[in-house]
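The values are calculated or read from the model by the stated rules, or taken from the named source; none is laboratory data. Nothing here was measured: the structure is a model prediction, and the numbers come from that model. Methodologically, a virtual Cβ is constructed for each residue, glycine included, from the backbone with ideal geometry; neighbour enumeration extends over all protein chains shown.
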Amino acid sequence: MSSTATAANMSPADRMADPNWWRQAAVYQIYPRSFSDSNADGLGDIRGITAKVPYLASLGIDAVWLSPFYPSALADGGYDVDDYRNVDPKLGSLADFDAMVAELHGAGIKLIADIVPNHSSNRHEWFREALAAPEGSSARDRYIFRDGQGPDGSLPPSDWESVFGGSAWQRSVDQDGTPGQWYLHLFAPEQPDLNWDNQEVRDDFLKTLRFWSDRGVDGFRVDVAHALTKDMTHPLPSKDELGSEGELQDGSHPFWDRDEVHEIYAQWRALFNEYTPPRTAVAEAWVHSSRRARYASPEGLGQAFNFDLLLADFDAEQFRAVITRNLAEAADSGASSTWVFSNHDVVRHATRYGLPKGGGREGRGQDGKAWLLNGGSAAELDLVTGTRRARAASLLMLALPGSAYLYQGEELGLPEVADIPDAARQDPTFFRNQGVDKGRDGCRVPLPWTAEGESFGFGDAGAHLPQPREFGAYSVESQEGDPSSTLELYRAALKLRRQLQTSEELTWISSADSVLHFTRPAGWQSVTNFGTEPIPLPAGTMLISSGPLDAGLLPADTTVWLS
Ligand code: BGC
């Protein structure tokens, strides 16, 4: 296994220049509209992020992953991009972006930009041109237009469903006002799928990657990386003939995880490698675990998210299996592993672990969607247990080799906000399911910075999604300096991790079934008690604990690091 110098011993400048910086990085995801609002319009923005760089530096993270900040009508929280080479005026300007990058880099923090290649927005100039152009035109060929079925073409070309619910096809209207062809949108109708067989689409994305790399972006998070290439040969299979996302292992699905997609990433890799240090990329690819390595290979994007821990219950056996498998897979691919418990698409893990086992992820298959929000009863949520487990799980994750991806607010132990009024909801998932699926707004509520005051310090003009009253107690201000707080736990753990994370080795120590105990180089040990009874601690000096010990014993739902 490869080893890296201790990050703690490196100057920020050396860390910035290290080509392996990503292998063991702690990456903090910022969902910009909900982070910090500098100009009192209720939406977080780029200057808000810049102002918080000291906070980010105090956390001890290595990189920020910035969710989409491009011009967008926000039909899908910014994942509907109008212009790939600009900043949303609601969030700032390119000059603000450059200033943010300079400030982050000055603090030794890298920037990973979210890139959305599967679909543009319906307001992108290409899509407007496509609608204005005749059938069969080159403007239409940048997207996936097809004739409808039935004598008058009024039925969609297939019965495929969009990920957000409803048909994956939308009928367009021709210039003369008559109904025209249909276009494919695997997500919302405002997100038409691009046609990656079209050379212009491929060339334009290379231009975009270069544009941001030249501006100092250090890496890219590639949205739905497994969907770009499609087999649209007629007749299109019916939805009953399709396997589900993440299930097939042979690349035979018409749009998920086709082998041809890797030609695109090989080209991207060549571009990334022109830079010093090379630009990095991480694939968001909900594929079968046996197919992940290709996305993560050094000839491809270099790293891929594994969501297996996020999908697991808080359960020693499940965690052990996931960790063992993913470390082996990462080693095979040449990448380092990735770990994630929370992001902008799933129920926050403090809430998930407070729900009955298996409860946090029913419904749309793999995406960690809220059981609580979809018919479960709030009475079954035990947030005290959930929070204790989330702290234990996070400390365990930070002891693992590989990159840890953290989501804004998890360092505050924020819970999911379950009771957003329907009228305030924004997520297209909610609207396309007639409210049956409440969607992802509950993990996107603006961060609380202060205990009191307008939007708890998020900004001076309220928050674009309502914050519950208890957010004040979770605020940075309320937790700062309190050693028992989740914020100080994350800070201390991230600092220690920087010193201890010298190589990518992990050795399991045999233990009871409900305990995970492993060692890392230089005598660093992590022990988590997933059981119900306190257990004796192994020999060693205590470095940090996710919760108080019980008369010298390690209580249930608690992790400690020892040396
Ligand atoms: C992003 C989602 C987004 C979808 C469509 C995802 O995987 O993480 O937030 O809705 O892609 O772009």
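If I ask for residues that are surrounded by fewer than 19 Cβ atoms within 10 Å (Cβ to Cβ), of a type outside the set (Gly, Ala, Ser) and more than 20 Å from residue 25 (Cβ to Cβ), which ones from the range 263-290 would you list?
Matches in the range 263-290: 263, 267, 271, 274, 288.
Only one of (1) crowded, with 18+ Cβ neighbours inside 10 Å; (2) not small (Gly, Ala, Ser); (3) not in a helix (DSSP H, G or I) is not met by residue 104, so which one is it?
(3)
Would you be able to say whether some residue in the range 48-64 is within 16 Å of the ligand (Cβ to nearest atom), at pLDDT 95 or above and in a loop (DSSP other than H, G, I, E, B)?
no
With the checklist (1) among the hydroxyl-bearing types (Ser, Thr, Tyr); (2) within 16 Å of the ligand (Cβ to nearest atom); (3) in a loop (DSSP other than H, G, I, E, B) in hand, flag the one item residue 229 doesn't pass.
(2)
Would you confirm whether or not the range 5-26 contains a residue that is crowded, with 20+ Cβ neighbours inside 10 Å and within 16 Å of the ligand (Cβ to nearest atom)?
No; the residues of the range 5-26 include none that is crowded, with 20+ Cβ neighbours inside 10 Å and within 16 Å of the ligand (Cβ to nearest atom).
Determine whether residue 330 is surrounded by 24 or more Cβ atoms within 10 Å (Cβ to Cβ), assigned to a helix (DSSP H, G or I), touching a helix residue (DSSP H, G or I) at 6+ places or on another chain (Cβ under 8 Å) and on the phi < 0 side of the Ramachandran plot.
yes
Take the residues in the range 156-189 that are closer than 26 Å to residue 244 by Cβ and of a type in the set (Gly, Ala, Ser), then tell me which one is nearest to the ligand (Cβ to nearest atom).
Only one residue tops the list, namely 188.
Go through (1) of a type outside the set (Val, Ile, Thr); (2) surrounded by fewer than 23 Cβ atoms within 10 Å (Cβ to Cβ); (3) over 21 Å from the mean Cα position of the chain (by Cα); (4) part of a loop (DSSP other than H, G, I, E, B) and name the single condition residue 95 misses.
The failed condition is (4).
Every residue in the range 27-62 that is of a type in the set (Gly, Ala, Ser) and under 17 Å from residue 344 (Cα atoms), please.
Correct list: 34, 36, 44.
So residue 126 passes all but one of these: (1) part of a helix (DSSP H, G or I); (2) under 21 Å from the mean Cα position of the chain (by Cα). Which condition number does it fail?
(2)
Report, ordered by the first and then the second residue, all pairs with beta carbons closer than 6 Å, sequence separation of six or more or different chains, a first member in the range 422-443 that is touching a residue at least 12 places away in the same chain (Cβ under 8 Å) and within 11 Å of the ligand (Cβ to nearest atom), and a second member that is in a loop (DSSP other than H, G, I, E, B) and not acidic (Asp, Glu).
427/439; 427/440; 428/164; 428/188; 429/164; 429/439; 443/348
Looking at this structure, is residue 383 at pLDDT 85 or above and surrounded by fewer than 24 Cβ atoms within 10 Å (Cβ to Cβ)?
Yes, satisfied.
Got a number for residues in the range 381-426 being of a type in the set (A, V, I, L, M) and either in a loop (DSSP other than H, G, I, E, B) or over 18 Å from the mean Cα position of the chain (by Cα) (or both)?
Looking only at that region, the number is 14.
Is it the case, given these coordinates, that residue 88 is in a loop (DSSP other than H, G, I, E, B) and touching a Phe, Trp or Tyr at 6+ places or on another chain (Cβ under 7 Å)?
Answer is yes for this residue.
Filter the range 291-320 down to the residues that are in a helix (DSSP H, G or I) and either over 22 Å from residue 386 (Cβ atoms) or within 21 Å of the chain's Cα centre (by Cα) (or both) and list them by number.
Those that are in a helix (DSSP H, G or I) and either over 22 Å from residue 386 (Cβ atoms) or within 21 Å of the chain's Cα centre (by Cα) (or both): 291, 292, 293, 294, 295, 296, 308, 309, 310, 311, 319.
Look at the range 486-518 and say how many of its residues are more than 23 Å from residue 335 (Cβ to Cβ) and free of Cβ contacts under 8 Å to residues at least 60 places away in the same chain.
7
Out of 197, 218, 203, which single residue is more than 30 Å from residue 431 (Cβ to Cβ) and in contact with a Leu (Cβ under 6 Å, 6 or more places away or on another chain)?
Being more than 30 Å from residue 431 (Cβ to Cβ) and in contact with a Leu (Cβ under 6 Å, 6 or more places away or on another chain) holds for just one of 197, 218, 203, which is 218.
Filter the range 112-128 down to residues that are touching a strand residue (DSSP E or B) at 6+ places or on another chain (Cβ under 7 Å) and more than 13 Å from residue 85 (Cα to Cα), then give me how many there are.
Count: 4.
Could you check the range 73-92 and list, in sequence order, the residues that are within 16 Å of the ligand (Cβ to nearest atom), hydrophobic (A, V, I, L, M, F, W, C) and surrounded by 23 or more Cβ atoms within 10 Å (Cβ to Cβ)?
Result: 81, single match.
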